[in-house]
Amino acid sequence: MATDHIRYDVLARDALRGVLKHVLADAAEHGLPGEHHFYITFLSKAEGVKISPRLLSQYPQEMTVILQHQFWDLVVTDDRFEVGLSFNGIPERLVIPFSAIKSFFDPSVQFGLQFEPVEAADAAADAPTVETLPVAAAPEAPAETDGEPVKQGEGAEVVRLDRFRKK
């Protein structure tokens, strides 16, 4: 097999992180539209993550935050976002690099993105997968169709980028 000198896997991963960055930047500027809200899972100990020792002891591997009603001072930069959240009544400021994010999900429209951590993806030269996360009543995801969208559940769509992965 030919060597991928262009690194399509890295380009695809970065483009998908750009979707996340765009959505968060829009929310920072205009607020969350309609019923949209976000579940963001990230690696707690990834480089550049800043969370309190209290939260790190509770979530030593990964943590999921929900941006819905009670968050403040959302700031988005090229490589990270920062947000104020309250945990058990205690306000906290979190700094989360986009490279630390494992998944993003907007349940209002059943849209999700899943990412390999940057270090693991670079080491394994894997492309990210993009898929809508299944709802509780959704059937099992059908077999892959070589990168083409596959209908799943009511209006949910699964997109696989496996054909772009290095073998």
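What follows draws every value from the coordinates through simple rules; no lab data is involved. Just so it is clear, the structure is predicted and the values come from calculations on it, not from any experiment.
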>> Quick query: amide H of residue 108 versus all other amide H atoms, modeled in the peptide plane; which residues come in under 5 Å with a sequence gap of 5 or more or a different chain?
In response: 37
> Based on the alpha-carbon gyration tensor of the stretch 56-100, what equivalent-ellipsoid semi-axes (square roots of 5 times the eigenvalues) come out, in whole Å, largest first?
Replying inline: 17, 15, 8
> Restricting attention to the alpha-carbon atoms of the stretch 8-120, what are Rg (one decimal) and Dmax (integer), both in Å?
Replying inline: 13.5, 44
